[in-house]
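S.K.: Mind looking over this structure? Questions follow.
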Amino acid sequence: MTPTRASNEIAHGRQLAAAGADAVWGWASAAGQARARRRAAWIAQAAQLSAGARVLELGCGTGLFTQHFAATGADITAIDISDELIGVARQRGLPANVHLLCTSFERYAPDAPFDAVIGSSILHHLELRPALTRMVKVLRPGGVIGFGEPNMLNPQIAAQKNLPWVRRRAGDSADETAFVRYQLRAAVEAAGFTEVSITPRDWLHPRTPSMMISAVQRLEPVLESLPLLREFAGSLYIVARKPVH
């Protein structure tokens with residue numbers, strides 16, 4: 001990450017902490033909480049989190065997803081570049097299997113390889129190709145990555161990432177973007193990962209009224225299975241493995 005981009009992300013983290021990051025990101029509403037639980041469960045399963053697994057969570061922010069990941073019993077090192085957001089995460093009273101650190105991924109030097117590298121809505125804040133290359137280095141052979149990221153083909157996401165006034169209203173940082181899944185797959189494979197799967201998911205919008213959440217949740221698997229329509233889902237879910245040899 002360039003110094004300018006790092007400074008932008010640090011400043012953005014300070015603004016988010018002051019404004020209430022989870023609410024800005026859409027995780028605080030009833031629908032947002034349901035969406036977060038679903039995403040966290042998928043990442044935990046895809047990355048094979050379990051008791052004793054050594055896991056690195058990138059961009060842990062307020063610790064919302066960290067809390068879900070910690071429930072698996074995995075030993076989680078959760079890092080974020082924002083000292084203010086790490087401060088919010090510390091206030092959650094996370095369990096002893098979570099270790100919070102304020103640092104950038106580029107500067108973090110682990111003392112042993114990880115079984116998994118995971119995160120929610122973080123890759124689009126990083127310089128993708130160098131970040132993926134570094135993930136390969138910090139993973140053990142056979143280790144996995146699991147992420148949930150914004151889908152550029154979703155109309156709201158496309159507007160949010162490309163129209164300055166929408167970007168500002170949504171509280172996005174200056175440098176963040178979103179991904180098109182086939183381009184993202186090419187980048188993940190180019191970094192050296194195998195068994196790459198990138199799946200469009202998430203139709204439950206954070207502003208969905210409480211009375212409609214269950215109905216949308218029942219409909220989601222159908223929408224996510226339709227060949228053309230699924231490409232416009234809100235998120236891309238990424239899982240891949242570092243080769244054993």
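S.K.: Pick from segment 187-229 the residues that are within 19 Å of the chain's Cα centre (by Cα) and small (Gly, Ala, Ser): which of them is farthest from Pro130 (Cα to Cα)?
M.R.: Residue satisfying both the conditions and the ranking: Ser197.
S.K.: Now, a different point. Checking the conditions here, which among Trp165, Trp203 is of a type in the set (Phe, Trp, Tyr), surrounded by 12 or more Cβ atoms within 10 Å (Cβ to Cβ) and more than 30 Å from Ala53 (Cα to Cα)? Outline the logic, then answer.
M.R.: On the way: Trp165 fails: surrounded by 12 or more Cβ atoms within 10 Å (Cβ to Cβ).
Checking each option against the conditions leaves just Trp203.
S.K.: Next question, about the same structure. Out of all the residues in segment 177-196, is one or more touching a helix residue (DSSP H, G or I) at 6+ places or on another chain (Cβ under 6 Å) and under 23 Å from Ser29 (Cα atoms)?
M.R.: Within segment 177-196, one or more residues are touching a helix residue (DSSP H, G or I) at 6+ places or on another chain (Cβ under 6 Å) and under 23 Å from Ser29 (Cα atoms).
S.K.: Here's another thing I want to ask about it. What's the number of the only condition in (1) at positive phi; (2) of a type outside the set (A, V, I, L, M, F, W, C); (3) under 20 Å from the mean Cα position of the chain (by Cα); (4) at pLDDT 95 or above that Gly171 fails to meet?
M.R.: With (1) at positive phi; (2) of a type outside the set (A, V, I, L, M, F, W, C); (3) under 20 Å from the mean Cα position of the chain (by Cα); (4) at pLDDT 95 or above applied to Gly171, the lone miss is (4).
S.K.: If you don't mind, there's one more thing I want to ask. When both residues are 6+ apart or on different chains and their Cβ atoms are under 6 Å apart, which pairs have a first residue that lies in segment 79-90 and is of a type in the set (Asp, Glu), and a second that is modelled with pLDDT of 95 or more and buried (at least 24 other Cβ atoms within 10 Å of the Cβ)?
M.R.: Close Cβ pairs satisfying both conditions: Asp80/Gly59; Asp80/Cys60; Asp80/Gly61.
S.K.: Let me ask something else about it. Quick one: which residue in Phe179, Phe193, Phe147 is at pLDDT 95 or above, touching a Lys or Arg at 6+ places or on another chain (Cβ under 7 Å) and under 20 Å from Gly119 (Cα atoms)? Write out each step before concluding.
M.R.: Values: Phe179 fails: touching a Lys or Arg at 6+ places or on another chain (Cβ under 7 Å); Phe147 fails: touching a Lys or Arg at 6+ places or on another chain (Cβ under 7 Å).
Going through Phe179, Phe193, Phe147 in turn, the sole match is Phe193.
S.K.: Select, from Ile79, Ile86, the only residue that is in a strand (DSSP E or B), modelled with pLDDT of 95 or more and touching a Leu at 6+ places or on another chain (Cβ under 8 Å).
M.R.: Ile79
S.K.: Just to be sure before I move on: is Arg35 farther than 26 Å from Arg129 by Cα, touching a residue at least 40 places away in the same chain (Cβ under 8 Å), surrounded by 15 or more Cβ atoms within 10 Å (Cβ to Cβ) and not acidic (Asp, Glu) in the structure I sent?
M.R.: yes
S.K.: A further question on this structure: Considering only segment 90-121, state which residues are outside any loop (DSSP other than H, G, I, E, B), buried (at least 19 other Cβ atoms within 10 Å of the Cβ) and among the aliphatic types (A, V, I, L, M).
M.R.: Val98, Leu100, Ala116, Val117, Ile118 - these are the residues of segment 90-121 that are outside any loop (DSSP other than H, G, I, E, B), buried (at least 19 other Cβ atoms within 10 Å of the Cβ) and among the aliphatic types (A, V, I, L, M).
S.K.: With respect to Gln48, is the statement that it is surrounded by fewer than 18 Cβ atoms within 10 Å (Cβ to Cβ) and under 16 Å from Gly146 (Cβ atoms) true? Reasoning before the result, please.
M.R.: On the way: surrounded by fewer than 18 Cβ atoms within 10 Å (Cβ to Cβ): yes; under 16 Å from Gly146 (Cβ atoms): yes.
Criteria met by Gln48.
S.K.: Moving to a separate point now. Quick check, is Ile43 at pLDDT 95 or above, closer than 18 Å to Leu126 by Cβ, hydrophobic (A, V, I, L, M, F, W, C) and not in a helix (DSSP H, G or I)?
M.R.: Answer is no for this residue.
S.K.: Restricting the search to segment 39-68, which residues are at negative phi, within 12 Å of the chain's Cα centre (by Cα) and not aliphatic (A, V, I, L, M)?
M.R.: Arg39, Trp42, Glu57, Cys60, Phe65, Thr66
S.K.: Go through segment 135-162 and count every residue that is charged (D, E, K, R), surrounded by fewer than 17 Cβ atoms within 10 Å (Cβ to Cβ) and free of Cβ contacts under 8 Å to residues at least 40 places away in the same chain.
M.R.: Total satisfying the criteria: 1.
S.K.: I need the full set of residues from segment 206-219 which are crowded, with 17+ Cβ neighbours inside 10 Å and not β-branched (Val, Ile, Thr), in order please.
M.R.: Once the filter is applied, which keeps residues that are crowded, with 17+ Cβ neighbours inside 10 Å and not β-branched (Val, Ile, Thr), segment 206-219 yields only Pro206.
The values are calculated or read from the model by the stated rules, or taken from the named source; none is laboratory data. Here the structure is a predicted model, which is why all the values come from computation and not from measurement. All Cβ positions, glycine included, derive from the backbone under ideal geometry; neighbour counts span all protein chains shown.
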